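S.K.: The following block contains the structure, expressed as structure tokens.
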Amino acid sequence: MLQDPNVPAETTGLEKDRPNIEHVEHKCLETYSLSCESERSKLTTLYHESADATRRSFLAAASAGLNAPLHRKSLPSMYLYDSVGSDLYQQITTLPEYYLTRTEAEILRSHAAHIAKTYLVPPVVTPKGERSASSLVTDVVELGAGDGHKTRCLLDACISECKAAANLQSCAPLCVHDFEYFPLDISSGALQSLIAGTPQHLRSRTHGVVADNLQGLSWVRSRHVERRTVVLFLGSSIGNYSRTSAVALLSDIRSQLREDDLVLIGFDLRKRDVRQLVSAYDDAAGVTAAFNRNLLSRLNRELGCGLTERDFAHYANWNASEGCMESWLVAQKRVEIPLGAAKVVVEEAEAIHTEVSYKYSMQEIENMAEASGFESLEVMVDERRWFADAVFRVCRKADRASVAENSQLDCEEELSIVSDESVNVTT
Ligand code: AVI
């Protein structure tokens, strides 16, 4: 499920296969032990919003967005992801037009062994006693993990690497690296089904955290101060942030990390063929339209607005100057929307803005790393160069001065450079 600090916690409707839950109070946190066959995986809850609090924040956000002046109306995209919206998004990821999920899965599958060996559990050649055992464990923290499907091949590759390193240990001064996997999501339902679907050999290393991204990351970091951390932020979730907020989010992530920690992050790339983008966000079966219109159903379900969904048409367009896909709901007639005690009028043909999905060039990826205090180590792309997974490393202290200087640059201006030179690209 897309994670945003403000996305309300919802179930995903996948709870029917939920494992047995044993509830244990632990200070102010709730820690659940999930009894999964013989092994036990953990689920810790840091984030909970009551249905009433969600309804109130939805009312406040909808009122603010819909009371904007004519042709400036919007609804925040985070409200796309209730349980109905999350199910629709899952369907989108399997559509023929929506190449993003498939393409990223292809990149991760074909580079899994390399990613595991180079970044997740690298073999450590070290004279005896130089490092403590805990510094040889990597915490793999996945933001907005959802069903964790994409990540499985990386974790399997880590297991193979750990075994290979253990076999080599007898003939070389190698320390065996190990890892623990922390999927974070604001949906406990999503994490429960992730854990239920986790194969036996990964369960003891999996610890779900119901939390927003920064809250969960900070919790994991504070538990294991000595460990390395690798953050996974996959699926082009970064694209749902404006370029400026994306830099702010990555800077916040960086502030939780230590020198040499890494982020593996997925970007959808800019395309020559704009039609490919438009059809990915306006598919023939109408699933993306239903996903967008679900905002209207939510207004009906949660705020009793009594809208007729067909009064609004889904519209997706490429904004070339911003470099993003935009989604809109266009009123097919004059519509009055009761919101709390007030009423909002949407004029016929007026469009309500609902989502952005930014696309990146190689140079923009490099610039984003620099602007948020990272250096880009490698960018892995598919053969058609549709999608990229980049590895960012926290800048070393010696490099910090130049990062500070770079961050002074006007972010929008800096990110608009589109040359592809000097980027370490792997296909
Ligand atoms: C979750 N996110 C990366 C999707 C995207 O491509 O921006 C959300 C989405 N909206 C419409 N289709 C998919």
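The values are calculated or read from the model by the stated rules, or taken from the named source; none is laboratory data. Remember, it's a predicted structure, so these values are computed and weren't measured experimentally. No Cβ is skipped: glycine too gets one built from the backbone with ideal geometry, and neighbour counts run over all protein chains shown. The accessibility values were calculated without ligands, DNA or RNA, using every heavy atom of the protein model including side chains. Shrake-Rupley method; radii C 1.70, N 1.55, O 1.52, S 1.80 Å.
S.K.: For residues that are within 12 Å of the ligand (Cβ to nearest atom), over 25 Å from M380 (Cα atoms) and not in a helix (DSSP H, G or I), tally how many sit in region 267-316.
M.R.: Residues flagged as within 12 Å of the ligand (Cβ to nearest atom), over 25 Å from M380 (Cα atoms) and not in a helix (DSSP H, G or I) within region 267-316 amount to 4.
S.K.: Right, something else. Looking only at strands (runs of 3 or more DSSP E) that lie completely in region 154-242, which have at least 1 residues being closer than 22 Å to A105 by Cα and open to solvent by 50 Å² or more (accessible area, probe 1.4 Å)?
M.R.: Of the strands (runs of 3 or more DSSP E) lying wholly inside region 154-242, none has at least 1 residues that are closer than 22 Å to A105 by Cα and open to solvent by 50 Å² or more (accessible area, probe 1.4 Å).
S.K.: Do we have R298 as surrounded by 19 or more Cβ atoms within 10 Å (Cβ to Cβ), under 13 Å from E355 (Cβ atoms) and among the basic types (K, R) here?
M.R.: When the stated conditions are applied, R298 does not pass them.
S.K.: Please verify whether S255 is out of contact with any strand residue (DSSP E or B) (no Cβ under 9 Å at 6 or more places or on another chain), more than 16 Å from the ligand (Cβ to nearest atom), more than 16 Å from M362 (Cα to Cα) and not acidic (D, E), treating the condition exactly as stated.
M.R.: yes
S.K.: Let me ask another. Which members of region 358-390 meet the condition of being within 16 Å of the ligand (Cβ to nearest atom) and open to solvent by 10 Å² or more (accessible area, probe 1.4 Å)?
M.R.: Those that are within 16 Å of the ligand (Cβ to nearest atom) and open to solvent by 10 Å² or more (accessible area, probe 1.4 Å): Y358, W386.
S.K.: Something else now. Within region 323-337, identify whether any single residue is hydrophobic (A, V, I, L, M, F, W, C), within 16 Å of the ligand (Cβ to nearest atom), touching a residue at least 12 places away in the same chain (Cβ under 8 Å) and under 19 Å from T426 (Cα atoms), and answer yes or no.
M.R.: no
S.K.: Out of region 69-98, which residues are near the ligand (Cβ under 10 Å from one of its atoms), closer than 19 Å to I186 by Cα and in contact with a Lys or Arg (Cβ under 9 Å, 6 or more places away or on another chain)?
M.R.: L80, G85, listed by residue number.
Rundown of residues vs (1) at pLDDT below 95; (2) of a type outside the set (A, V, I, L, M, F, W, C); (3) more than 20 Å from S236 (Cα to Cα), yes/no style:
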| site | (1), (2), (3) |
| --- | --- |
| N317 | no, yes, no |
| V335 | no, no, yes |
| A349 | no, no, yes |
| E370 | no, yes, no |
| E378 | no, yes, no |
| F387 | no, no, no |
| N406 | yes, yes, yes |
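S.K.: Tell me which of these V345 doesn't satisfy, since it passes every other one: (1) open to solvent by 10 Å² or more (accessible area, probe 1.4 Å); (2) under 30 Å from R258 (Cβ atoms); (3) of a type in the set (A, V, I, L, M, F, W, C).
M.R.: So the condition that V345 fails would be (2).
S.K.: Determine if region 244-252 includes at least one residue that is within 13 Å of the ligand (Cβ to nearest atom), open to solvent by less than 20 Å² (accessible area, probe 1.4 Å) and within 19 Å of the chain's Cα centre (by Cα).
M.R.: Scanning region 244-252, I find at least one residue that is within 13 Å of the ligand (Cβ to nearest atom), open to solvent by less than 20 Å² (accessible area, probe 1.4 Å) and within 19 Å of the chain's Cα centre (by Cα), so the answer is yes.
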